[in-house]
Amino acid sequence: MPPKKPRTDASPFVPETRSLPALEAAARACEGCDLFARATQTVFGQGPADAALVVVGEQPGDEEDKAGAPFVGPAGRVLDEVLAGAGIDRSRVYVTNAVKHFKWEPRGKRRMHSRPNAGEVTACHPWLAAELALVAAKVVVCLGATAAQSLLGNKFRVTQSFGQVLAREGRQIIATYHPSAILRMPDPAARDKAREQLRDDLKRAWTLAGGESGSAP
Ligand code: SF4
């Protein structure tokens with residue numbers, strides 16, 4: 001039997017559509033890389049098509065995988081708190097991930113997050129590109145290296161670019177901490193500082209999008 005071809009591209013699964021619900025429905029059947037096989041379900045982006053801001057994370061975690069929704073676990077709770085602290089209404093934000101299936105390794109009875117590799121991020125990029133093409137927002141916040149590299153290239157380093165506004169394909173992009181990275185920081189002072197950085201970067205993005213703190217643009 002010939003060896004199975006590796007799955008490396010979501011493009012054949014991405015429909016031509018002008019509708020986020022149609023895109024989400026199609027993504028449920030994606031087999032563009034191997035990650036679909038061990039995950040519960042595709043976790044697509046959520047938020048209105050006329051969102052003022054897009055926030056992109058890395059991939060769904062254990063709770064998101066079970067719920068089928070992005071940022072509903074511990075990292076989502078941090079994101080909610082920081083958005084509220086920045087005066088941003090999450091219902092005006094489209095929230096998604098660079099990779100739509102949960103990648104994990106077993107540790108005892110637990111499923112531990114495993115970072116998607118560059119091939120998986122590239123394979124899943126057509127979904128993110130399709131979402132960005134349909135959402136009105138022209139300002140994007142990348143949470144962590146995986147999201148940033150999906151939109152800004154593999155050489156991009158978040159730690160060297162906090163607060164910078166980068167222009168790409170008609171959008172303004174700010175890269176900052178992923179809430180999970182903040183949760184993993186052992187030093188409480190470093191954790192607080194990183195939360196402030198995340199809040200300030202979200203606030204900067206919201207202002208760029210035309211909003212003032214506590215207001216909807
Ligand atoms: S991670 Fe992305 S490319 Fe891979 S199967 Fe899931 S939706 Fe498709």
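Please verify whether residue 148 is more than 12 Å from the ligand (Cβ to nearest atom) and buried (at least 22 other Cβ atoms within 10 Å of the Cβ), treating the condition exactly as stated.
Criteria met by residue 148.
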| query | Out of 27, 37, which single residue is within 13 Å of the ligand (Cβ to nearest atom) and free of Cβ contacts under 8 Å to residues at least 12 places away in the same chain? | reply | 37
| task | Report yes if some residue within region 66-86 is within 12 Å of the ligand (Cβ to nearest atom) and either within 16 Å of residue 27 (Cβ to Cβ) or not in a helix (DSSP H, G or I) (or both); otherwise report no. | result | no
| request: Of the conditions (1) part of a strand (DSSP E or B); (2) among the aliphatic types (A, V, I, L, M); (3) under 20 Å from residue 117 (Cα atoms), residue 43 clears all except one; give me its number. | output: (1)
| request: Identify the single condition in (1) within 13 Å of the ligand (Cβ to nearest atom); (2) at pLDDT below 95 that residue 2 does not satisfy, given that it satisfies every other one. | output: (1)
| Is it true that residue 8 is in contact (Cβ under 8 Å) with a residue 12 or more places away in the chain, within 11 Å of the ligand (Cβ to nearest atom) and of a type in the set (Ser, Thr, Tyr)? | yes
| Members of region 1-54 found to be under 12 Å from residue 100 (Cα atoms), open to solvent by 60 Å² or more (accessible area, probe 1.4 Å) and in contact with a Gly (Cβ under 7 Å, 6 or more places away or on another chain), listed by number | 41
| task | Kindly indicate the residue of region 87-121 that is of a type in the set (A, V, I, L, M) and either under 14 Å from the mean Cα position of the chain (by Cα) or assigned to a helix (DSSP H, G or I) (or both) and also surrounded by the fewest Cβ atoms within 10 Å (Cβ to Cβ) among those meeting that condition. | result | 118
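Wholly within region 122-181, which strands (runs of 3 or more DSSP E) include no fewer than the required count, namely at least 3 residues that are closer than 20 Å to residue 59 by Cβ, touching a strand residue (DSSP E or B) at 6+ places or on another chain (Cβ under 9 Å) and of a type outside the set (Phe, Trp, Tyr)? Please lay out each step first, then the result.
Working: elements: 139-143, 166-168, 171-176.
Result: 139-143, 171-176.
The values are calculated or read from the model by the stated rules, or taken from the named source; none is laboratory data. As the structure is a computational prediction, the values presented were derived from the model and not from experiment. Glycine gets a Cβ as well: all are built from the backbone with ideal geometry, and neighbour counts include every protein chain shown. These area figures cover heavy atoms from the full protein model, side chains too; ligands, DNA and RNA do not enter into them. Shrake-Rupley method; radii C 1.70, N 1.55, O 1.52, S 1.80 Å.
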